[in-house]
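Taking it in order: structure first as structure tokens, then the write-up.
The values are calculated or read from the model by the stated rules, or taken from the named source; none is laboratory data. Keep in mind that this is a model prediction, so the values were computed, not measured. We place every Cβ from the backbone using ideal geometry, glycine too, and count neighbours over all the protein chains shown.
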Amino acid sequence: MPTASTNSAREILTGLHDLMASRLAAQGKLNKVVQIVAEAMESEVCSIYLLRDGVLELFATLGLKQSAVHVTKLALGEGLVGTIAKQVAVLNLAEAASHPEFAYRPETGEELFHSFAGVPIVRRERAIGVLCVQHGDPRAYDDLEIEALQTVAMVLSELIANAGLADKASAAATVRDDSPLRLSGLRLVTGLARGNAVYHQPRVLIEHTVAEDTEAERHRVYSAFAKMREQIDHMTSLAEFGTAGEHQEVLETYKMFAYDEGWSRRINEAIDSGLTAEAAIERVRQRMQMRMRDIHDPLLQERMHDLDDLSNRLLRIVSGQLGTAAQMGLRGDAILVARNLGPAELLEYDRRKLKGVILEEGSLTAHVTIVARAMGLPMLGRVRNVRRMIGEGDYLLLDGGDGAVFVRPTGPVEEAFKAKLAITQKRRAQYAALRDVPPVTKDGSRITVMVNAGLRDDVAALDLVGADGIGLFRTEFQFLVSATLPRRESQQRLYRSVIEAAGDKPVIFRTVDIGGDKALPYLDHGEAGEEENPAMGWRALRLALDRDGLMKSQARALLEASAGRELNVMFPMVSEPWEFEEARDIVEQQRAWLASRKKLLPTNIRYGAMLEVPALAETLDILLPKIDFLSIGTNDLTQFLFAADRAHPKLAERYDWLSPAILRFLRRVVRMCGEAGVPVGICGEMGGRTLEAMALIGIGLERFSITPVAVGAIKAMIRSLDRASLMPAVEAMLDNPPPSMREALSAWADEHKVALG
């Protein structure tokens, strides 16, 4: 049953419905609105201020002097009206003059009135005006009256926007606190980018606020709630969300809110007042946002953000606007903003217009980070309160190297950013000039520089940067972006197209590294679904050997794709030699099967292993005679050596790749490979950093596989380096480590004029 509060709001909305359908001009409608509100609330004053050219202008009033209309103006933050607009907050005062921001305007004649209540008129999460009422006697307005004002303000936003009376919410860098901001986050992918903020799942813009049929609107909300609850239930059943930890807690909170009867009741009450389903959801959301301002408990604030997310989900369902920004298309240079992303979602975007990504979550080891790095797309993660701090369309400067994003930057900040960008672009031009120049040190040592890839389009980078080949092709990308397990034929087509695109340059295929922290929703993980430490769990080669059907299918696809050519294949996360032997035997069995059917086979197969698990170093003497090459994956190796999760925000930057522990470990591996005559290379992120790469050359490494964007800088470093001088210097540092290896190596590079970029 409708309550007394909804009756008051319904009375006003009934009058507004007829008014909006009339042929009155916009100014005439606003004049009529203040009359309707004043009469319904028995208020002596009702006024509407609209944001025009960044200033709040009195547009219509009943009770104040008419001569003040279009004359009285207030800056954002000035007076009670300016405070409401700037803070997008409600003010409810028994004595207006007692408020510290009260500003007296004599031309209005408002000295006769004591009490004051005002609400922001919101459009696209920004205030475009203020609706307020005043009384002569000091009194506080009750919640029902404030809710009625908020309902009217929502309807007014539609009228004002359609008439073009106020500054456009998307263009006006105003209101919600539009002062410039610098937000910090976790550096996921380095690089510089600028563009306008685009939300992966944009807010729904409410176009129609007044309901024609209340029961029909109620039915729409019931259906939307049912669908939303079904979605949340489905999400909690997915394998990738099944593990204990943060995702599970988030989803449990989602479920709690999704089934919260209080939330649905408040939306129903808003519909009873005469609002459409969309407007009712939005009004309840706005009320919740305004109340959040008084909450100082971080945990409770986070839970309120979850409810905000669910409100947006419910709005998208009820309005039928389910598409992402990728499906709607980017209009210009964009910085994508999201809570989190999957790799398939990222790949949907136009790579010509998408310049960077900001995530509220995200980690260094997430597969979307790997894809972004492969795309050369700057990415920042763990940016707190990003959805409150950044508005849709805000101009952003993203500095992935410094782990910062500048929101609505000032002129000096933008000039400094442009200067930094110009230097970066100049370096890129210099690096581009090295495309056809071999990476040879000053003393004549030829270093092999290859690229990491995972997408068919990545192969184009071979010619663009002048790399020696693909030292790591991550075959799991095809699995990560697919809704179902890729068929053997589909795998074969991908591998063949990569080999053909690479021409006479080698391609090293790494078999699938899935499972653990790269869980696939379509793959049953059985008992492993509840792993507490997925990075060290049932993943990569362990999973593939258990699921030998998956391994056999991929092996056959690789063999058929490489027919008539040499096949280079390596296995990830080998812990002991027997694992390598089992994996190699599966490939050999498939080769024998194809040979028995007279199928064309590869001319040769070179087998390699990845050293990511430290234990493997203790059995290299057993493994090396069995393999053709060894690749060191420094990302996993580092976290396993230090027992430190690199995805953990407090540990991500704590352990240095130039630590004596890592370099000594790698030196031992390089020496063992050299004695066995087995080529060894680096295919982790460490090799793509100039100072780290210099140190690696200093311990004897000659093969690198890195991201394409790093090739130019690494080539320039190599060509400025005298290897014969470097190696004894690094040897001495490792034998007697200085307080800081990084500082010592940097000093050596400066002294010997090594180009570190």
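Tabulated data for the structure shown
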{"item": "Condition met for I699 (at pLDDT 90 or above and within 32 Å of the chain's Cα centre (by Cα))", "result": "no"}
{"item": "Matching residues, the stretch 372-406, being surrounded by 20 or more Cβ atoms within 10 Å (Cβ to Cβ), among the aliphatic types (A, V, I, L, M) and more than 12 Å from the chain's Cα centre (by Cα)", "result": "A374, M375, I390, L396, L397, L398, V405"}
{"item": "Every residue from the stretch 426-443 that is exposed (fewer than 15 other Cβ atoms within 10 Å of the Cβ) and in a loop (DSSP other than H, G, I, E, B)", "result": "A433, R435, D436, V437, P438, D443"}
{"item": "Residue in the stretch 587-608 that is touching a Gly at 6+ places or on another chain (Cβ under 9 Å) and of a type in the set (V, I, T) present", "result": "yes"}
{"item": "Selection count where residues are among the small types (G, A, S) and crowded, with 22+ Cβ neighbours inside 10 Å, scope the stretch 71-81", "result": "0"}
{"item": "Residue among A89, A103, A68 that is within 30 Å of R388 (Cβ to Cβ), in contact with a Lys or Arg (Cβ under 9 Å, 6 or more places away or on another chain) and surrounded by fewer than 21 Cβ atoms within 10 Å (Cβ to Cβ)", "result": "A89"}
{"item": "Residue count, the stretch 98-112 (criterion: over 16 Å from L58 (Cβ atoms) and among the charged types (D, E, K, R))", "result": "1"}
{"item": "Residues of the stretch 125-158 satisfying the condition of being over 36 Å from the mean Cα position of the chain (by Cα) and in a helix (DSSP H, G or I)", "result": "D143, L144, E145, I146, A148, L149"}
{"item": "Candidate set: the stretch 532-547, residues that are more than 12 Å from V512 (Cα to Cα) and in a helix (DSSP H, G or I); chosen: the one modelled with the lowest pLDDT", "result": "P534"}
{"item": "All positions within the stretch 61-110 that are closer than 13 Å to V130 by Cβ, aliphatic (A, V, I, L, M) and assigned to a helix (DSSP H, G or I)", "result": "L80, V81, I84, A85"}
{"item": "Failed item in (1) modelled with pLDDT of 95 or more; (2) hydrophobic (A, V, I, L, M, F, W, C); (3) in a helix (DSSP H, G or I), with V569 passing the rest", "result": "(3)"}
{"item": "Residue match in the stretch 215-230 (condition: at pLDDT below 80 and either in a loop (DSSP other than H, G, I, E, B) or surrounded by 14 or more Cβ atoms within 10 Å (Cβ to Cβ) (or both))", "result": "no"}
{"item": "Selection within the stretch 13-47 - without any contact (Cβ under 8 Å) to a residue 12 or more places away in the chain and either surrounded by 18 or more Cβ atoms within 10 Å (Cβ to Cβ) or part of a helix (DSSP H, G or I) (or both)", "result": "D18, A21, G28, E39"}
{"item": "Which listed residue is modelled with pLDDT of 95 or more, outside the structural domain of L188 (by TED's automatic domain parsing) and not in a helix (DSSP H, G or I), from F704, F665", "result": "F704"}
{"item": "Residue in the stretch 715-735 that is touching an Asp or Glu at 6+ places or on another chain (Cβ under 9 Å) and without any contact (Cβ under 8 Å) to a residue 24 or more places away in the chain present", "result": "no"}
{"item": "Set R456, R496: member being more than 27 Å from L701 (Cβ to Cβ), modelled with pLDDT under 90 and of a type outside the set (S, T, N, Q)", "result": "R456"}
{"item": "Residues located in the stretch 37-70, provided they are of a type in the set (V, I, T) and out of contact with any Ser or Thr (no Cβ under 9 Å at 6 or more places or on another chain)", "result": "V55"}
{"item": "Subset of the stretch 384-442 (residues that are farther than 18 Å from V709 by Cβ, small (G, A, S) and either touching a strand residue (DSSP E or B) at 6+ places or on another chain (Cβ under 9 Å) or not assigned by TED's automatic domain parsing to the domain that holds L186 (or both))", "result": "G391, G393, A404"}
{"item": "Boolean, S562 is among the hydroxyl-bearing types (S, T, Y), without any contact (Cβ under 8 Å) to a residue 24 or more places away in the chain and under 27 Å from R488 (Cα atoms)", "result": "no"}
{"item": "Contacts under 9 angstrom Cβ, first residue in the stretch 85-101 being in the same structural domain as L149 (by TED's automatic domain parsing) and farther than 16 Å from S179 by Cβ, partner surrounded by fewer than 19 Cβ atoms within 10 Å (Cβ to Cβ) and of a type in the set (G, A, S), 6 or more apart", "result": "N92/A140; L93/A140; A94/A140; E101/G77"}
{"item": "Candidate set: the stretch 548-566, residues that are assigned to a helix (DSSP H, G or I) and among the hydrophobic types (A, V, I, L, M, F, W, C); chosen: the one modelled with the lowest pLDDT", "result": "L550"}
{"item": "V122 of a type outside the set (D, E, K, R), crowded, with 18+ Cβ neighbours inside 10 Å, within 28 Å of R387 (Cβ to Cβ) and touching an Asp or Glu at 6+ places or on another chain (Cβ under 9 Å)", "result": "yes"}
{"item": "Residue match in the stretch 299-320 (condition: of a type in the set (S, T, N, Q) and modelled with pLDDT under 65)", "result": "yes"}
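One line per residue, one yes/no per condition, for (1) more than 16 Å from L558 (Cβ to Cβ); (2) at pLDDT 85 or above:
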position	(1), (2)
R428	yes, no
L434	yes, yes
T441	yes, yes
Q478	no, no
P486	no, no
A502	no, yes
R510	no, yes
